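Data block below; observations after.
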Amino acid sequence: MMVNVERLSHNFGPYWALKDISFTLERGEFLFLTGHSGAGKSTLLKLLYGALPVLRGRVSVAGMSLNTLKKRHIPKLRRKVGVVFQDFKILPNRTVFDNVAMALEVRGMQRAHLERRVRAVVRALGLEAKSYSPCERLSGGEQQRVAIARSMVANPELILADEPTGNLDFDLTMHLMDIFKQFHTYGTSIIMATHSREVLDCVPEARILHLHDGRIMGQGEQPQPDESCACGDAVSEAGDASPDDLFSPAGGRP
Ligand SMILES: Nc1ncnc2c1ncn2[C@@H]1O[C@H](COP(=O)(O)OP(=O)(O)OP(=O)(O)O)[C@@H](O)[C@H]1O
């Protein structure tokens with residue numbers, strides 16, 4: 001099991017942002033988190049990533065219990081989990097290449113492999129022309145793609161993505177969803193918070209966990225969409241995202 005959450009609650013002072021949440025995520029599963037603004041989606045993702053402490057309930061991620069995880073072991077958790085934060089958290093004065101490479105540098109990857117891998121992911125996300133631009137000069141959507149590239153570059157076991165396509169137009173959203181789906185097909189577990197029906201329709205096999213005021217209000221399979229997803233079309237138009245590049249043995253899981 002990749003994620004196990006039992007009776008998780010979380011408060012900020014007197015305000016309970018999550019109330020008695022329980023769910024599991026099997027290895028290789030794709031789960032959407034939905035719910036209104038303020039429902040608790042980001043709080044839940046932050047708890048799974050060790051960015052907030054587990055105060056009540058039990059949480060384990062990738063075989064590690066977050067209840068007993070010592071601060072010094074958080075980097076070990078983060079080597080298994082790729083995250084796309086809502087506010088990107090990229091370094092503005094560093095280049096696209098540097099921001100993406102950082103996720104591999106901390107793993108001590110050999111330089112030649114690292115460069116090949118970063119170039120492949122940057123190309124797959126359509127950022128090749130901006131590789132050596134400082135991120136502060138990029139548009140919001142480009143910065144968002146840098147954050148996505150960084151979350152994927154190390155082939156994590158689990159990707160946590162908080163509204164990863166929030167600033168992007170339809171075609172780019174479909175293209176990026178196709179890349180997330182390639183990771184999913186490859187066996188990566190994914191939890192993605194979204195408000196977008198288009199995004200949900202891209203992964204009809206995904207489960208949905210619907211939050212309302214910090215509680216789970218619904219959980220389950222989604223109805224099959226009437227029309228086929230546009231993701232496949234978008235990726236063939238974009239053309240340059242090769243799973244072989246993304247998943248080459250050189251870039252395999254450390
Ligand atoms: N650090 C904090 N201090 C106090 N309250 C917080 C903090 N972080 C989140 N909250 C509150 O917890 C609730 C849940 O917030 P959260 O960011 O998890 O919602 P969300 O579902 O991700 O919303 P959105 O879709 O707008 O991102 C909100 O009412 C928010 O104001």
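The values are calculated or read from the model by the stated rules, or taken from the named source; none is laboratory data. Worth saying up front: this structure is predicted, and the values here are computed from it rather than measured. Cβ coordinates were reconstructed from backbone atoms using ideal geometry, including for glycine residues, and neighbour counts include every protein chain displayed. Heads up: the accessible areas ignore ligands, DNA and RNA and are worked out on the full protein's heavy atoms, side chains in. Shrake-Rupley method; radii C 1.70, N 1.55, O 1.52, S 1.80 Å.
Restricting to region 156-206, count the residues that are at pLDDT 90 or above, open to solvent by less than 30 Å² (accessible area, probe 1.4 Å), under 15 Å from LEU125 (Cα atoms) and not aromatic (Phe, Trp, Tyr).
Within region 156-206, residues that are at pLDDT 90 or above, open to solvent by less than 30 Å² (accessible area, probe 1.4 Å), under 15 Å from LEU125 (Cα atoms) and not aromatic (Phe, Trp, Tyr) number 4.
Restricting to region 58-76, name every residue that is in contact (Cβ under 8 Å) with a residue 24 or more places away in the chain and touching a helix residue (DSSP H, G or I) at 6+ places or on another chain (Cβ under 9 Å).
Matches in region 58-76: VAL59, VAL61, ALA62.
Would you list the strands (runs of 3 or more DSSP E) that sit entirely within region 1-56 and hold 2 or more residues that are within 23 Å of SER196 (Cα to Cα), over 20 Å from the mean Cα position of the chain (by Cα) and at pLDDT 95 or above?
15-25
How many of the residues making up region 1-53 are of a type in the set (Lys, Arg), farther than 25 Å from TYR186 by Cα and either open to solvent by 70 Å² or more (accessible area, probe 1.4 Å) or within 8 Å of the ligand (Cβ to nearest atom) (or both)?
Of the residues in region 1-53, the ones of a type in the set (Lys, Arg) are 7, 19, 27, 41, 46.
Adding the requirement that they be farther than 25 Å from TYR186 by Cα leaves 7, 19, 41.
Keeping just the survivors that are either open to solvent by 70 Å² or more (accessible area, probe 1.4 Å) or within 8 Å of the ligand (Cβ to nearest atom) (or both) gives 7, 41.
Summing the residues that are of a type in the set (Lys, Arg), farther than 25 Å from TYR186 by Cα and either open to solvent by 70 Å² or more (accessible area, probe 1.4 Å) or within 8 Å of the ligand (Cβ to nearest atom) (or both) in region 1-53 gives 2.
Which condition number in (1) open to solvent by less than 70 Å² (accessible area, probe 1.4 Å); (2) within 26 Å of ASN4 (Cβ to Cβ); (3) modelled with pLDDT of 90 or more is the one that GLN222 fails?
It is condition (3) that GLN222 fails.
Yes or no: region 66-87 includes at least one residue that is in contact with an Asp or Glu (Cβ under 6 Å, 6 or more places away or on another chain), of a type outside the set (Lys, Arg) and on the phi > 0 side of the Ramachandran plot.
no
Taking region 148-167, which residues are more than 17 Å from GLU26 (Cα to Cα), more than 16 Å from the ligand (Cβ to nearest atom) and of a type outside the set (D, E, K, R)?
Selection gives ILE148, ALA149, SER151, MET152, VAL153, ALA154, ASN155.
Can you confirm whether region 72-81 contains a residue that is more than 16 Å from the ligand (Cβ to nearest atom) and in a loop (DSSP other than H, G, I, E, B)?
Looking for residues that are more than 16 Å from the ligand (Cβ to nearest atom) and in a loop (DSSP other than H, G, I, E, B), one finds none in region 72-81, hence no.
In this structure, does ARG94 turn out to be within 16 Å of the ligand (Cβ to nearest atom), at pLDDT 95 or above and open to solvent by 50 Å² or more (accessible area, probe 1.4 Å)?
no
Going by the structure shown, is ALA62 more than 17 Å from SER133 (Cα to Cα) and touching a Lys or Arg at 6+ places or on another chain (Cβ under 7 Å)?
yes
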